[in-house]
Amino acid sequence: MQQAVIFSNISKDFPLDGRKIRVLDNISSDIRLGEMTMLVGPSGCGKTTLISILSGILSTTEGRVDIMGAALTDMPDTKKVLFRRKNIGFIFQQYNLLPALSAAENAAIPLTAAGVSNKKALARARALLEGMGMEGQTEKLPRQLSGGQQQRVAIARSLVHNPKLIICDEPTAALDAKTGLQVMQILRDIANEKNRAVLVVTHDNRIFHFGDRILEMSDGRITGDYTTEDFLKKEHIE
Amino acid sequence: MNKIALKILMGDKAKYLGLIFGVSFASLLMAQQVSIFVNLMARTASVIFSVSEADIWVMDTRVRYIEEVEPMRDMELYNVRSVEGVKWAVPFHKGLSTIRMQDGLTQQVQLIGVDDVSLVGICPEMVLGDERAIRKPQTAMIDKNGYVFTWPGQPLELGREVEINDHRVIINAICSITPNFITFPTMYVSYNTALEVAPPTRKKLPFILVKAQEGQNLQRLKKRITDQTGLQALTQNEFAWRSINYVLQRTGIPINFTITITLGVIIGIAITTQTFYMFIMENLKQFGAMKAIGFTNMQLLRMVLLQASIVGLTGYCIGIGLTALFFEVTKDAPALQGFILPWQVMVGVFCTIFLVILLSIVFSLRKVFKLDPAIVFKG
Ligand SMILES: Nc1ncnc2c1ncn2[C@@H]1O[C@H](COP(=O)(O)OP(=O)(O)OP(=O)(O)O)[C@@H](O)[C@H]1O
Ligand SMILES: [Mg+2]
């Protein structure tokens, strides 16, 4: 199986009161195409820090990250942004939609940023949204949509530019159980159908079973790399 | 992308109007305060500027500004006339006097005495009668505001009689002048009448107005006049500025006013900074998400600059419009009569507003540029 991301020996220090605290401690692993990888672990263990580094929003103190064969850690910041908008899709816990833009306009943003014409970008965004059961909702503003619908807009936004890597931070945390499962099903299909790598950070053990693989983190280290089956057995989750 | 910027800006109508209101108010405050100050200062020199025919003012060396009168000897007029390069030189009287009206009430006036023959320095804009009337003895001309002030509610008519220092004077002409710093009525008489009616200590020559011959270098002519007569000679501009500076430095009026203006400008700057800083801060999460999704710093900067230009321009235009409206509405109030919104003030306010907007953007955008993942990922 092909790897979308390879990260090796990455460490991250944050300055705190003149000292340095090590938040990620020499970790290595990979994220594979065609799979949904779940990144789990207790609060404060470094999950958000890790995905910030993998997406080039944060730089490493040590180590290297390769995405789709390109050395992310060697790029200057401006190049990272351009690389990100071509290769990575984001889904956030709070959706982070722009309140003044319609669903379709929100979903089209990565294309707009890349300079694609409005008409083309909107057409593609609408098609994606309609494919996710959002017929008739594409011109509504975020506040006129339910949480689940907003997260679908966010998913469409993460896909509209056809990236190979989708990074999700707690995508179901703001949703009720049923809606959360629906959203996860959409993400799951995305990973399998189009040979994408989907990385999901989560606390929510009700959605662990959607993953193909589970990376367990604790205290800045990766402490386990399981198939979902093994992990659920270990944790005694049905 | 510009469309996105506009939608973000105008998406929240209340906030958008708040931004515009902030900048409008700041522009209005600055433009209005500074204009009033500038106009008031210009009034100080309005008597000097109103004598458009003269190139050089000659006076006693002790005179520091236009309201200060130090008499010279009469023969100085002839001395000045004999200086090489002087085309003509005429006496000019200016001083405060008290008039007594027929009902016994008194009133302070600014008395201006102009050369009987040439009438140099007389106000050019007649409202009623003929300026040449003042060549007759005991005849005066008064400015229209002064007339209305002295005889409120009465029709403009010639022939009114007043007493100046026990000398009977008939008002046989009415003119319109630029208001001066001292808002007393202004009365024009011939130089001879002025000497006649002035109090004994003022029966002297206060100013000599000089016209240079064609092609004369004014600075050299000034020097020749001073060398030959020992008097102080100043060009119109120099004397005007010296008067304005004197009032600025020596009287309490401008100090109070400077404080008001400074406050106005500071409040204007504070409102603008606050408005824009808040705008960016409130949208920080949006900007953060946009940056994570792939907007470059340059793209974000361009969007914010577009938003700022729209708010800045709209606010500035409304503010300046309101200021102009203010001066239009108050143009007949004697205290503000003739006040205008100088273009220099408009340019100054424009630059201040945009500089401040730019600074507050740069200041607040630093947060976006150094994007902390916490902003993007935190719930
Ligand atoms: N900018 C920063 N400066 C200093 N310390 C930081 C910074 N960002 C994160 N940390 C620290 O790094 C550690 C890991 O933070 P991180 O946000 O990655 O945790 P997390 O696993 O995502 O937790 P949660 O599940 O609560 O979101 C925490 O102890 C946090 O306090
Ligand atoms: Mg986190």
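Scan the stretch A:163-202 for residues that are within 14 Å of chain B (Cβ to nearest Cβ), more than 16 Å from ligand 1 (Cβ to nearest atom) and open to solvent by 10 Å² or more (accessible area, probe 1.4 Å) and jot them down.
So in the stretch A:163-202, the residues within 14 Å of chain B (Cβ to nearest Cβ) come out as A:163, A:165-175, A:199-202.
From the residues that got through so far, the ones that are more than 16 Å from ligand 1 (Cβ to nearest atom) too are A:163, A:165-166, A:175.
Result: A:LEU175, single match.
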For the stretch B:33-48, state whether one or more residues are within 14 Å of chain A (Cβ to nearest Cβ), out of contact with any helix residue (DSSP H, G or I) (no Cβ under 7 Å at 6 or more places or on another chain) and either open to solvent by less than 30 Å² (accessible area, probe 1.4 Å) or not acidic (Asp, Glu) (or both). no
Between A:LEU82, A:LEU33, A:LEU101, which is away from ligand 1 (no atom under 16 Å from the Cβ), facing chain B (nearest Cβ under 10 Å) and open to solvent by less than 60 Å² (accessible area, probe 1.4 Å)? A:LEU101
Does the stretch A:50-61 contain any residue that is free of Cβ contacts under 8 Å to residues at least 60 places away in the same chain, at negative phi, more than 16 Å from ligand 1 (Cβ to nearest atom) and surrounded by fewer than 19 Cβ atoms within 10 Å (Cβ to Cβ)? no
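From the list B:VAL114, B:VAL169, B:VAL80, which residue is within 24 Å of B:GLY230 (Cβ to Cβ) and surrounded by 19 or more Cβ atoms within 10 Å (Cβ to Cβ)? Talk me through it step by step, then tell me what you get.
Values: B:VAL114 fails: within 24 Å of B:GLY230 (Cβ to Cβ); B:VAL169 fails: within 24 Å of B:GLY230 (Cβ to Cβ).
Only one candidate passes the filter, namely B:VAL80.
Output the number of residues of the stretch B:289-316 satisfying the condition of being part of a helix (DSSP H, G or I) and facing another protein chain (nearest Cβ under 8 Å).
7
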Pairs only if they're at least six apart or on different chains, beta carbon under 9 angstrom, first in the stretch A:1-25 and within 14 Å of chain B (Cβ to nearest Cβ), second within 15 Å of ligand 1 (Cβ to nearest atom) and open to solvent by 90 Å² or more (accessible area, probe 1.4 Å); list them, first residue then second. A:LYS12/A:ARG22; A:PHE14/A:LYS20; A:PHE14/A:ARG22; A:LEU24/A:ARG221
Considering only helices (runs of 4 or more DSSP H) fully contained in the stretch B:1-61, which possess at least 3 residues that are touching a Gly at 6+ places or on another chain (Cβ under 8 Å)? B:13-44
Looking at the stretch A:155-162, is at least one residue within 16 Å of ligand 2 (Cβ to nearest atom), within 13 Å of chain B (Cβ to nearest Cβ) and open to solvent by less than 10 Å² (accessible area, probe 1.4 Å)? no
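Within the stretch B:83-111, count every residue that is open to solvent by less than 50 Å² (accessible area, probe 1.4 Å) and outside any strand (DSSP E or B). Even if it seems obvious, please write down each step before you answer.
Filtering the stretch B:83-111 for residues open to solvent by less than 50 Å² (accessible area, probe 1.4 Å) gives B:83, B:85-86, B:89-95, B:97, B:99, B:101, B:104, B:107, B:109-111.
Keeping just the survivors that are outside any strand (DSSP E or B) gives B:83, B:85, B:101, B:104.
Of the residues in that region, 4 qualify.
The values are calculated or read from the model by the stated rules, or taken from the named source; none is laboratory data. All of these numbers come straight from a predicted model, not from anything done at the bench. As a convention, Cβ positions derive from the backbone with ideal geometry for all residues, glycine included, and neighbour counts pool all protein chains shown. Please note that ligands, DNA and RNA were not included when accessible areas were found on the heavy atoms of the full protein model with its side chains. Shrake-Rupley method; radii C 1.70, N 1.55, O 1.52, S 1.80 Å.
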